[in-house]
């Protein structure tokens, strides 16, 4: 069983192994135009309808920071005698502060994949695969890792991983305490905007969203006369700020422990300045263009 919003690497793996997936779709958070979570009830119903499923793979958190109820999904998977694999690429930082959601490895997942380079101080292409239970055969996992990984590993990248983990072990508590303070101040300032809205924990409990990673700053233009693409263009051209992603009605700014107070304040100043220039959109709520009807 594969969540339909998984990374393309999952689809490549399905293709290479000639595996026929049973797809499970996340709910949709229509207010922001983002994928919501995978619900335990939907997982159980899909398992009841597909008795030959041998494993479950979901993405949590998503690119937008949406976290599913991993603990409940893991309990269901184990009741059916199958492992749960969680792509936690964007959640390598979860363990280091209670400000963030719990890591999937603490919630019963059998295999968890994390990208160090996304949210921790490590070079691009560095990632970890954690095996948490005997439901996944250690020897078989090692054998296939050897097949699909390069036989010429980069010692530069491995050195970067070691340096990252060493630094986190020595300084992580202080680093993340300072970072979460900066992040919370940033979120508080951005939430003061009148036209541009910052996604918050208020969406937890809707659309299958069990928890939310607050380091993902979703800045919605849904109630303005500006699209997400226009917003990103202004941020880039006028303020020299590059966002992680743009969509029809929002931009995503991704904050990490490496972000400085000066950098976060630049973002706040830029967004507030743009917010002050916007005219409040009147009438019908702005919708992403792919929902709009064709013009006459």
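Numerical summary
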item: From the options 251, 257, residue that is part of a loop (DSSP other than H, G, I, E, B), surrounded by 18 or more Cβ atoms within 10 Å (Cβ to Cβ) and not assigned by TED's automatic domain parsing to the domain that holds residue 96; result: 257
item: Residue list for the range 194-206, filter: in contact (Cβ under 8 Å) with a residue 12 or more places away in the chain, surrounded by 12 or more Cβ atoms within 10 Å (Cβ to Cβ) and more than 16 Å from residue 252 (Cβ to Cβ); result: 194, 195, 206
item: Options 148, 132: the member that is closer than 29 Å to residue 82 by Cα and surrounded by 18 or more Cβ atoms within 10 Å (Cβ to Cβ); result: 132
item: Residues of the range 101-129 satisfying the condition of being closer than 21 Å to residue 173 by Cβ and either part of a strand (DSSP E or B) or touching a helix residue (DSSP H, G or I) at 6+ places or on another chain (Cβ under 7 Å) (or both); result: 101, 102, 103, 114, 116, 118, 119, 120, 121, 122, 128
item: Failed criterion for residue 240 (all others in (1) free of Cβ contacts under 8 Å to residues at least 12 places away in the same chain; (2) within 19 Å of residue 99 (Cβ to Cβ); (3) loosely packed, with under 14 Cβ neighbours inside 10 Å hold); result: (2)
item: Single residue of the range 64-100 satisfying the filter (in contact with a helix residue (DSSP H, G or I) (Cβ under 6 Å, 6 or more places away or on another chain) and assigned to a loop (DSSP other than H, G, I, E, B)) that is surrounded by the most Cβ atoms within 10 Å (Cβ to Cβ); result: 88
item: Condition met for residue 189 (free of Cβ contacts under 8 Å to residues at least 24 places away in the same chain and assigned to a helix (DSSP H, G or I)); result: no
item: Residue check for residue 139: assigned to a helix (DSSP H, G or I), under 21 Å from the mean Cα position of the chain (by Cα) and exposed (fewer than 14 other Cβ atoms within 10 Å of the Cβ); result: no
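The values are calculated or read from the model by the stated rules, or taken from the named source; none is laboratory data. Everything numeric here is computed off the predicted structure, so don't read it as measured data. Counting neighbours? That spans all protein chains shown, and the Cβs are built from the backbone with ideal geometry, glycine included.
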